[in-house]
Amino acid sequence: MALLEGQGLSMAFGGLLALRGVDIAVEERQVVGLLGPNGSGKTTLFNILSGLLHPTAGEIWFGGTRVTNLRPWQISRLGIGRTFQIARPFVHSTVFDNVLVGVTFRSRDHVSRGEDRRREAERLLATVGLAGKASALAHTLSLGERKRLELAMALSTRPTLLLLDELASGLSPKGREEVVRFYGQLKERGLTIFAIEHSFRVLARVADRLLVLDQGAIVADGRPEQVLGSPRVVTAYLGEEE
Amino acid sequence: MPRRGWIGTSLVAAALLLFPPLSGFHPYYLYLVSTALLFGTLATSWNLLAYAGQISFGHAAFFGLGGYTAALVSLSGLSPWLALALGGAVGASGAAAIGMASARLSGASLALGTLAYTEIWRGIAHNWTAVSGGGAGLIGIPPLTPLPWLPLDLARSRTGSYYLALAFLLLVIAVFWGILRSRLGLAFAAVREEEERASLLGVHPLPWKVLAFALSGFFSGLAGGLYVNMVRVVEPDLIFSHYFSILPLVMATFGGLGTLLGPALAALALYLASELLLHPYIPAFHQLPYALALIVVALYLPGGLAGLLPSPSPLPKRGEGETRHGAA
Amino acid sequence: MSSHTFVQALLSGILLGCFYAVMALGFSMILGVTRALNLAHGDLIILGGYLGYWLWSGSGLHPLLLVPVAGAALLPLALLCQWLFQRLPEPKELSSLMLTFGLSLLLQNFMLGLWRGEYRIIASEPLTASVRVGSLVLNQGRLIVAAAALILVAALYLGLTRTRWGRAVRATSLDREAAALLGINVDEATRTTFLLAFGLSGGAGVLFATLHYLYPAGGIEVTLLAIVLTIWAGAGRLRSVLLASILLGVIETLTLTWSGPRWRELVVALMLLGSLLARSGGLARSRSR
Ligand SMILES: Nc1ncnc2c1ncn2[C@@H]1O[C@H](COP(=O)(O)OP(=O)(O)OP(=O)(O)O)[C@@H](O)[C@H]1O
Ligand SMILES: [Mg+2]
């Protein structure tokens, strides 16, 4: 069984069907990319997987446990971490505290010592290159720095599966290179990654498998070179490449 | 500098606060300052709850629950000290109960919910005559008994309640200070700033919110118990009065939300100013400063109440202090 | 409860409901056009009541004649409050609660200063008599108040549905920005809504004072009642407010026939908490999202 499995996931917002019976499977230690035009339901899928939304239909299993309808903190404690497309840090707290939250509350056992937690938070900030910003307030960060903070926050709960929502969007070519390198590092650490990106070029370089979503349905699923050659994907995207 | 400044100021303030009884203040003034200290406790406990993102328009409920409990327990012949403690406990439970509503309510809806909650308790106190004495309330509440290890005459002078009020205020400030630098403070701040995000990081918001309510209700209940002990009567319309909800709200927002000492200082300043400067001359309008302060805060503080909520504490947390003050 | 008492309570409840509608409308209209919650609403009604009482005890005029006078007396306050509400920062729901909590305290202090803490009621002769309809006994004052209330609501309803002004107000309540884009003068619509809402509340105060004792802190109960009705009906929906008011009037009369009048405040507060919990969304949002 795959690490993450979703079957027949549907989500309706009033009359709008944002997802229509989506099946997904993410194997352990793979990097799976999720592509799709604007409004195709990618973020909605992540919201369902992380417990922020409850699907109107369908089931989700993570590591063999049924997690459909669990609440966000329960899912987080089971080992799913996520980032947001538009960074959502605790803007009036320090960068350090932003990361400390996950380190402190990720599990119910409160045995860890304050000193250890602090050291771990510092290490996380160093990993994403924000060590120098530890005591800055989060709302003073630049866009690139916010993205790094998002990643550090997602990592702070020690997830086994990371849901990354458009980490590379809006960054300079240099920033994107860095994101590609991050993907490599995370994979080396044994993490499983499910990543939304708008850019084919980024995903083609990092993904083991690609899924394409269009109007709430999966229209392609396979190895990057297969998927990117498929005519359905080309129609879905017509001129979408950035 | 701000940190040193705060410590210096608080030492001076503490010295000043020890002074009035020793210098033979007139009992009436001693009573006024004691009441001001009680409002300081109430305002600080309101602020503690607001630190977790929960705006209360109903602290009178917690205050009144503490007051009624203390009155009933001490009238039943048990020790008034036990009565005070139980007042705190009942204040905490009553606050935790309405805190459960924060699972579904937030912001203005929660504020209205807490307002209705006060009215509910006032209604109960009015109607449950057998226990509460109904609209006439309870009278003849016994004074605090002397304690062998405490060299204070609590029964006959106002000095005892003065020091007790001071002790309560210092206690709530110390507890808040401790919270700001503990995992509690971290959870409260996270829930306040972005509840959803916090929940994705393993924080289950409701228990933390309920805990904040309970802590705030505990200190409000203590204050209510001591208040009843000072005035010796308790009536539904007097103690479940919105006065005890408005004042902490005004004092905390005026003094600075999320700051450690601001609400207490504002409480002392506003209360004493209105009682000493306005009351003797225009008794009917002595509440004017609170009303005006509330209107000014609502209109002119950037982002209003909600915008103020997430302001960082003036105290450095967990040793990360250096740049906290400059920004914002 | 015999069927006779039931019918009696039902009728009294309907009369009470018409009166409640007038007491709630001002709150609901202002919430509609400004998204602001006016906690001082009940205090305005009490203020109108005191003005009516003061005029009545000085002149001995029929209380109904004083309804427009008390209404007009609150108009300057309407302009002041509109000016204040405009300046409220977002989110308006919370900042308006704070502002009007302060205004409420201010008004209470003002009334306390002018009229002391004494209880007042307009005990006008023609209002205290009772009328027999078959075997039912109805209080004439309540009948008159309900009739006056219905006339006010009907006039307002016609104004809102049949005039240019009404269209502007309804459009503003629905979506302020869109209304402004369509060339509707939203400021004008807001100002007239405030004037009407305050006038209505002042007049309702006189009606209130013929049925209930006035005291400076008595406004909160009226405010809670208006909020409950607005939650039930949705902001600024006139017909729904009337229906909700009658429903509440009937529920209240029936529960009070059963439990005794002293539980009234408690029932209203419980209904508010219950309605908030059942609804758990923003108050200003219309019911059919
Ligand atoms: N909470 C919500 N309520 C109502 N509609 C929503 C909600 N969230 C998303 N939608 C709608 O569902 C559809 C899918 O949105 P979603 O954010 O999942 O798209 P996306 O693929 O992430 O797009 P993008 O590339 O722009 O990020 C859109 O039409 C959006 O408007
Ligand atoms: Mg998206």
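Identify the single condition in (1) out of contact with any strand residue (DSSP E or B) (no Cβ under 7 Å at 6 or more places or on another chain); (2) within 16 Å of ligand 2 (Cβ to nearest atom); (3) assigned to a helix (DSSP H, G or I) that A:Ala154 does not satisfy, given that it satisfies every other one.
Status for A:Ala154: all satisfied but (1).
How many residues does the stretch A:203-238 hold that are under 18 Å from the mean Cα position of the chain (by Cα) and acidic (Asp, Glu)?
1
Just checking, does the stretch A:43-60 include any residue being free of Cβ contacts under 8 Å to residues at least 12 places away in the same chain, small (Gly, Ala, Ser) and in the same structural domain as A:Asp208 (by TED's automatic domain parsing)?
No - not one qualifying residue is present in the stretch A:43-60.
For the stretch B:106-202, please list each of the helices (runs of 4 or more DSSP H) lying entirely inside it that holds at least 3 residues being away from chain C (no Cβ under 14 Å).
B:159-180, B:183-193, B:195-200
Cβ contacts < 7 Å: first residue touching a residue at least 60 places away in the same chain (Cβ under 8 Å), restricted to the stretch A:164-180; second residue within 16 Å of ligand 2 (Cβ to nearest atom) and among the polar types (S, T, N, Q), any location; separation 6+ or different chain. Result?
If the second residue must be within 16 Å of ligand 2 (Cβ to nearest atom) and among the polar types (S, T, N, Q), the pairs left are A:Leu164/A:Thr83; A:Asp165/A:Thr43; A:Asp165/A:Thr83; A:Asp165/A:Gln85; A:Glu166/A:Gln85; A:Leu167/A:Thr83.
If you check A:Thr68, A:Thr44, which single one turns out to be away from ligand 1 (no atom under 15 Å from the Cβ), farther than 23 Å from A:Phe182 by Cα and crowded, with 16+ Cβ neighbours inside 10 Å?
Going through A:Thr68, A:Thr44 in turn, the sole match is A:Thr68.
Does A:Gly51 satisfy the criteria of being crowded, with 16+ Cβ neighbours inside 10 Å, small (Gly, Ala, Ser) and farther than 19 Å from A:Pro72 by Cβ?
In short, no.
Can you find even one residue in the stretch C:237-249 that is within 14 Å of chain B (Cβ to nearest Cβ), in a helix (DSSP H, G or I) and modelled with pLDDT under 90?
Checked the stretch C:237-249: no residue is within 14 Å of chain B (Cβ to nearest Cβ), in a helix (DSSP H, G or I) and modelled with pLDDT under 90.
So how many residues does the stretch A:132-161 have that are without any contact (Cβ under 8 Å) to a residue 12 or more places away in the chain and within 13 Å of another protein chain (Cβ to nearest Cβ)?
Qualifying residue count for the region: 2.
Output the residues belonging to the stretch A:33-48 that are under 22 Å from A:Gly190 (Cα atoms) and either away from ligand 2 (no atom under 16 Å from the Cβ) or at pLDDT 95 or above (or both).
Listed by number, the list holds a single entry, A:Phe46.
Could you tell me how many of the residues in the stretch B:256-265 are assigned to a helix (DSSP H, G or I) and surrounded by fewer than 23 Cβ atoms within 10 Å (Cβ to Cβ)?
2
Which of the residues that make up the stretch A:181-207 are over 23 Å from A:Leu171 (Cα atoms) and in contact (Cβ under 8 Å) with a residue 24 or more places away in the chain?
A:Gly190, A:Leu191, A:Thr192
Out of the stretch B:37-58, which residues are under 8 Å from the mean Cα position of the chain (by Cα) and either farther than 12 Å from B:Pro263 by Cβ or surrounded by fewer than 24 Cβ atoms within 10 Å (Cβ to Cβ) (or both)?
Residue satisfying the conditions is B:Leu38 alone.
So in the stretch C:195-228, with the set limited to residues that are within 14 Å of another protein chain (Cβ to nearest Cβ) and aliphatic (A, V, I, L, M), which one is farthest from C:Ala269 (Cα to Cα)?
Selected residue: C:Ala217.
Considering only the stretch C:37-83, how many residues are farther than 22 Å from C:Ile220 by Cβ and not in a helix (DSSP H, G or I)?
3
Could you run through the stretch B:170-227 and say how many residues are out of contact with any helix residue (DSSP H, G or I) (no Cβ under 6 Å at 6 or more places or on another chain), in contact (Cβ under 8 Å) with a residue 60 or more places away in the chain and among the charged types (D, E, K, R)?
The number of residues fulfilling the criteria is 3.
Going residue by residue through the stretch A:11-22, is there one that turns out to be surrounded by 15 or more Cβ atoms within 10 Å (Cβ to Cβ) and away from ligand 2 (no atom under 16 Å from the Cβ)?
The answer is yes; a qualifying residue exists.
Surrounded by fewer than 22 Cβ atoms within 10 Å (Cβ to Cβ) and touching an Asp or Glu at 6+ places or on another chain (Cβ under 6 Å), is that true of B:Gly137?
Yes; evaluated as a whole, the condition is true for this residue.
Within the stretch A:172-221, which residues are more than 16 Å from ligand 2 (Cβ to nearest atom), farther than 16 Å from A:Leu162 by Cβ and among the polar types (S, T, N, Q)?
The answer is A:Ser172, and nothing else.
Being within 24 Å of B:Tyr31 (Cα to Cα), at pLDDT below 95 and of a type in the set (S, T, N, Q) is true for just one of B:Ser161, B:Ser182. Which residue is that?
That would be B:Ser161, the only listed residue that is within 24 Å of B:Tyr31 (Cα to Cα), at pLDDT below 95 and of a type in the set (S, T, N, Q).
Among all residue pairs at least 6 apart or on different chains, which show Cβ distances below 6 Å where the first residue, located in the stretch B:25-46, is over 23 Å from B:Thr253 (Cβ atoms) and at pLDDT 90 or above and the second is crowded, with 23+ Cβ neighbours inside 10 Å and not charged (D, E, K, R)?
B:Ser34/B:Ser161; B:Ser34/B:Tyr162; B:Ser34/B:Ala165
Would you check if there is a residue in the stretch A:99-109 being away from ligand 2 (no atom under 16 Å from the Cβ), crowded, with 20+ Cβ neighbours inside 10 Å and over 20 Å from the mean Cα position of the chain (by Cα)?
yes
When only residues in the stretch B:228-245 that are surrounded by fewer than 23 Cβ atoms within 10 Å (Cβ to Cβ) and outside any loop (DSSP other than H, G, I, E, B) count, which is nearest to the chain's Cα centre (by Cα)?
Within the stretch B:228-245, the match that is nearest to the chain's Cα centre (by Cα) is B:Tyr243.
Do we have A:Gly6 as crowded, with 22+ Cβ neighbours inside 10 Å, more than 13 Å from ligand 1 (Cβ to nearest atom), in the same structural domain as A:Leu211 (by TED's automatic domain parsing) and on the phi < 0 side of the Ramachandran plot here?
The answer is yes for A:Gly6.
Which of (1) surrounded by fewer than 22 Cβ atoms within 10 Å (Cβ to Cβ); (2) farther than 21 Å from A:Thr192 by Cβ; (3) touching a residue at least 24 places away in the same chain (Cβ under 8 Å); (4) not aromatic (Phe, Trp, Tyr) does A:Pro89 not meet, given it meets every other one?
(1)
Could you tell me whether the stretch B:62-76 includes any residue that is assigned to a helix (DSSP H, G or I), free of Cβ contacts under 8 Å to residues at least 40 places away in the same chain, under 18 Å from B:Leu222 (Cα atoms) and more than 14 Å from chain C (Cβ to nearest Cβ)?
yes
The values are calculated or read from the model by the stated rules, or taken from the named source; none is laboratory data. Nothing here was measured: the structure is a model prediction, and the numbers come from that model. Virtual Cβ from ideal backbone geometry, glycine too; neighbours counted across all protein chains shown.
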